[in-house]
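First the structure, in the form of structure tokens, and then the observations on it.
Laboratory data are not the source of any read-out in this text; all were calculated from the coordinates shown. Remember, it's a predicted structure, so these values are computed and weren't measured experimentally. In this analysis, Cβ positions are derived from the backbone assuming ideal geometry, glycine residues included, and neighbour counts consider all displayed protein chains.
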Amino acid sequence: MFDRKRREFMALLGGAAATWSVAGRAQQPAMPVIGYLDSTSPDSSESAAELGAFRRGLSEAGYVESRNIAIEYHSADGQHDRLPALAADLVRRHVSIIASFGVPATRAAKAVTATIPIVFVIGGDPVEVGLLASLSRPGGNLTGVTFLGRELQRKRLELLHELVSTATIIAFLVNPTDPFVDTETRDLQAAASILGLQLHVLRASTEHDFETVFATVVQLRAGGLVIGPDRLFISRGEQLAALALRHALPAIHPTRRFAAAGGLMSYGGSRADQFRLLGVYTGRILKGEKPADLPVQRATRVELAINLKTARTLGLTIPPSLLVLADEVIE
């Protein structure tokens with residue numbers, strides 16, 4: 001009799017424990033989801049490196065993917081007209097926050113939500129393009145990170161001119177959909193005029209335009225190419241490096257991956273620094289801070305990389321003064 005009652009009591013206790021366990025799981029908060037909105041493909045090596053830096057920033061804030069956060073990846077694969085639909089889909093999925101990359105992606109996110117926090121990284125002034133009213137007090141649901149990109153265009157032209165000092169014609173590659181294209185073109189035209197150079201502006205809005213661009217550079221007999229800091233060109237750095245090598249064209253690009261892939265030279269802001277900061281801000285907002293109260297951060301670290309092997313192939317001699325300035329010399 002005693003044993004039967006003991007067994008009944010233990011069974012009742014076990015059932016209660018199971019009920020408490022289920023109830024405890026039901027009370028656990030849902031894992032926050034980050035909507036990752038990019039105008040280019042995450043499959044590119046540059047985008048993969050950026051994503052790694054973003055994850056490092058998140059980990060500094062205490063978040064690890066698949067452990068206590070999830071990330072929903074949406075990429076437009078270079079087709080900016082897809083961004084509004086992709087942004088709207090993230091809203092329908094009730095993501096906790098949207099991390100956007102570049103002005104077109106950020107504009108698309110801003111257009112579909114005024115309540116979900118948006119954290120961006122862009123190479124320009126977000127006030128100038130109408131994303132924010134103030135850098136120090138963003139207000140609303142947006143904040144993020146800006147980096148030195150277009151401000152470095154003159155320096156890229158000067159560096160390239162130093163290496164190909166006998167060239168009188170230089171090509172400049174821009175994306176016509178870039179909201180800063182008119183400003184940066186005027187600035188570089190002025191800088192070229194000071195250096196006594198003819199600057200020819202070439203346009204590419206998708207990677208399918210690249211072959212035509214390089215054929216045009218050859219027809220112009222341009223002695224060098226400055227590649228603008230558009231998101232498309234950044235994500236396709238290796239492809240552009242291969243084309244520059246094939247056409248024996250001295251070129252300078254905003255990111256070191258271009259030089260590492262065989263391009264002559266790169267000069268631009270540190271992508272690792274920019275995207276790490278973005279991850280940190282995303283984590284802080286997930287913890288409860290408001291975008292309106294977080295001033296836009298400025299990533300100021302710049303890197304110069306020179307590919308010596310490519311320079312030799314092109315018959316160029318790198319001045320010692322330039323080698324001293326380089327953060328990385330690729331043999």
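Separation of region 115-144 and region 160-191, taken as the distance between their Cα centroids, equals 27 angstrom.
Within 10 Å, at most 16 other Cβ atoms, and a DSSP state outside H, G, I, E, B define an exposed site. Report the longest part of the chain free of exposed trypsin sites (Lys or Arg not before Pro). Could the numbers behind the result be given before it?
On the way: sites that count: Arg67, Arg93, Arg221, Lys287, Arg301.
Formally, the longest exposed-site-free interval is 94-220.
Between 0 and 90 degrees, the angle of helix 153-163 with respect to the longest Cα principal axis of the chain falls at about 50 degrees. Projecting the Cα atoms of Ser75, Val280, Gln297 onto the charge dipole of the chain (Cβ charges, centred on the Cα centre) puts Val280 farthest toward the positive pole.
For Gly224, the residues whose amide H sits under 5 Å from its own are Ala171, ignoring neighbours fewer than 5 places away on the same chain, with H placed 1.01 Å from N.
Expressed to the nearest 5 percent, the antiparallel share of DSSP beta bridges inside region 218-331 is 40 percent.
Between the helical axis of 210-220 and the longest alpha-carbon principal axis of the chain there is an angle of about 10 degrees. Here the residues Leu132, Leu322, ranked from fewest to most Cβ neighbours within 10 Å of their Cβ, fall in the order Leu322, Leu132. In order along region 186-195, the Karplus-derived 3J(HN,Hα) couplings, from 6.51 cos²θ - 1.76 cosθ + 1.60 at θ = phi - 60°, round to 4, 5, 6, 4, 5, 5, 5, 4, 4, 8 Hz, and Gly and Pro are given as x.
Once backbone amide H atoms are built at 1.01 Å from N, Thr255 has Tyr267 as its partners under 5 Å, excluding neighbours fewer than 5 places away on the same chain. Using the rule -39500 (n - 2.57) for each DSSP H run of four or more residues, divided by the residues of the chain, the 222 nm mean residue ellipticity is -13500 deg cm²/dmol.
Sort Ser75, Ser235, Ser59, Ser270 by Cβ crowding within 10 Å, fewest neighbours at the top.
Ser59, Ser270, Ser75, Ser235
Here the Karplus curve 6.51 cos²θ - 1.76 cosθ + 1.60, taken at θ = phi - 60°, turns the phi angles of region 131-147 into couplings of 7, 9, 8, 8, 6, 7, 10, x, x, x, 10, 10, 7, x, 10, 10, 9 Hz, with x standing for Gly and Pro.
The amide H of Glu72, built 1.01 Å from its N in the peptide plane, has Ile34, Gly35, Tyr36 as neighbours under 5 Å, considering only residues 5 or more places off or on other chains. Evaluating 6.51 cos²θ - 1.76 cosθ + 1.60 at θ = phi - 60° for every residue in region 278-284, the Karplus couplings come out as 4, x, 4, 5, 4, x, 5 Hz, glycine and proline recorded as x.
Count the DSSP beta bridges whose two residues both fall in the chain, then state the antiparallel fraction as a percent rounded to the nearest 5.
Looking only at bridges with both residues in the chain, the antiparallel portion is about 10 percent.
Rounded to the nearest 20 Debye, what is the dipole magnitude of the chain about its Cα centre when Lys and Arg each give +1 and Asp and Glu each give -1 at the C-beta?
Computed charge dipole of the chain: roughly 1120 debye.
Under 16 Å of direct C-alpha separation, and excluding same-chain neighbours fewer than eight residues apart, Lys155 reaches these aspartates and glutamates: Glu184, Asp187, Glu303, Asp327.
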